[in-house]
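Worksheet: the structure to be examined is printed underneath.
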Amino acid sequence: MLPGPALAAPTEADWAAAVAAVRRLPADARVLLVCHVNPDGDALGSMLGFGLGLRRLGVGRLQATFPGPPELPEPLGWLPGLDLLVPSVEAYPDPDLVVCFDAASASRLGELVDRLDTAGDALVLDHHASNTGFGRLHLVDPGAAATSVVAEELLARLGVSLDAEIATCLYVALTTDTGSFRFEATTPAVHQLAARLLATGIRPGDISRRVFDTRPFGAVRLFGEVLGRAVLDPTAAAGRGLVWTYATLDDLARHHQRPYVLESLIDSVRCTAEADVACVLKQVGSDEWAVSLRSKGAVDVSRVAMALGGGGHRFAAGFTGHGDAQEVLGRIRVEVDAALIAS
Ligand code: 5GP
Ligand code: MN
């Protein structure tokens, strides 16, 4: 599947409709916040930051959740607002409003997808160009560096002022999706948002160390092993190069590590100078792999991921692959060649 027509940023009418959907909630309304499966810093941070904002507005019956096991990656297990979280099985079956965060498609909501139909209204906050337009109200800005950019603007339009707790959540989200202000989407507006967040008194050094620079020693050893088997294929993508590696469930077990530690593995692989495309296959089942793709710009990896059933952005995308690692890689190679951007 090729990407559809380019998505436009939300219009004033879109913002007004989202504000109205929150303002017209009755006093005893039940609001359910949902982010994508296997939540990352942007999914969780934008959801919890927005949730804390709704709490300040007086929304009392408020839950936040995500599909799958109710386990958080350790680096995110200290965020403010975690008391809003409930396991997906306990989520309101028919909330007055459901708000979705950082999910490009309804399938990313897993077993919670039915809430799009059972809720009184469904508002979607996202920034993926591949967003499918699910839900009724859309605040989807493909030009936004993170979903938290959209969440902060909606909070501002609702009259919620930032405090340190909200800012901590939104800062984690913003730094996660901009690679700590290194990626292409790091616009002047991103730095202006960061300035507003820092002005609440939060400590960026502490936050970054906890989120990005802390991992168990077993994970350090695991990375050594998995990086040691990385393969560089300089002929892929018409000579732009592909570098890849994989990590199995057995690798995790041998080093006594949980799957979240592998989320940052792609960052150690993608620095390979000789490859435009980097790829990490993380085993999640006997024949199933969560695949991370990164590009330096010659290949649009969102096209690769979408062709293989996933999604994402031009420089960062992912999908779930089936078969053995070599089979999944074979499919990626074919799509990488097809997704080469004409230059
Ligand atoms: P990561 O490699 O960090 O898991 O994901 C990179 C980007 O690809 C993120 O924007 C994420 O939302 C998207 N992505 C990763 N896996 C999937 C997937 O299975 N389906 C979809 N639609 N998007 C994915
Ligand atoms: Mn995001």
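The values are calculated or read from the model by the stated rules, or taken from the named source; none is laboratory data. Everything numeric here is computed off the predicted structure, so don't read it as measured data. Positions of Cβ are generated from backbone atoms using ideal geometry, with glycine treated the same way; all protein chains shown enter the neighbour counts. The accessibility values were calculated without ligands, DNA or RNA, using every heavy atom of the protein model including side chains. Shrake-Rupley method; radii C 1.70, N 1.55, O 1.52, S 1.80 Å.
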Task: Local net charge near Gln283, Cβ-Cβ under 12 Å (Lys/Arg +1, Asp/Glu -1) - done: -4
- [ ] Taking 7 Å along the Cα-to-C-beta vector as the label spot, tell me the Ala13-Thr187 distance in nanometres, rounded to one decimal.
- [x] 2.2
Task: Whole-number accessible area per residue in Å² for the chain, which is evaluated in the context of all protein chains at 1.4 Å - done: 43
Open item on the list: At R0 = 22 Å, how high is the FRET efficiency between Ala199 and Trp78 if r is their beta carbon distance? Nearest 0.05 is fine.
Closed with: 0.50
Open item on the list: Rounded, prolate or oblate for region 248-312? Axes are the square roots of the Cα gyration tensor eigenvalues, ordered a ≥ b ≥ c, and the cut-off for rounded is a/c under 1.5.
Closed with: oblate
Task: Relative contact order, percent, the chain [alpha-carbon distance under 8 Å, six or more residues apart] - done: 14
Open item on the list: What is the percent carbon and sulfur in the accessible area of region 1-71, measuring with a 1.4 Å probe over the protein chains and ignoring ligands?
Closed with: 59
- [ ] Pop a pseudo-label 7 angstrom from the Cα along the beta-carbon direction at both Thr248 and Asp337 and give the gap in nm to one decimal.
- [x] 2.8
Open item on the list: With the cut-off at 1.5 for a/c, could you classify region 177-316 from its C-alpha gyration tensor as rounded, prolate or oblate?
Closed with: oblate
Open item on the list: Suppose every Lys and Arg Cβ carries +1 and every Asp and Glu Cβ carries -1, with no other charges. What dipole size does the chain come out with about its Cα centre, to the nearest 20 debye?
Closed with: 580
Open item on the list: Could you compute the net charge surrounding Leu137? Neighbours are other residues with a C-beta less than 15 Å from the C-beta of Leu137; K and R count +1, D and E count -1.
Closed with: -3
- [ ] Per DSSP H run of n ≥ 4, the term is -39500 (n - 2.57); total these for the chain, divide by its residue number, and report the mean residue ellipticity at 222 nm rounded to 500 deg cm²/dmol.
- [x] -10500 deg cm²/dmol
Task: Most mobile listed residue (Pro87, Pro39, Pro188) in the chain, GNM with C-alpha springs under 10 Å - done: Pro188
Open item on the list: Restricting to bridges with both residues inside the chain, how much of the DSSP beta-bridge set is antiparallel, in percent to the nearest 5?
Closed with: 45
Open item on the list: At 0.36 nm per residue, and after removing the present C-alpha to C-alpha distance, how many nm does the segment from Thr214 to Ala27 gain when stretched out fully?
Closed with: 63.1 nm
Open item on the list: Could you work out what % of the accessible surface of region 184-223 is carbon and sulfur, using a 1.4 angstrom probe and leaving DNA, RNA and ligands out of the count?
Closed with: 55
Task: Between region 63-130 and region 216-239, the Cα center-to-center distance that results, in Å - done: 33
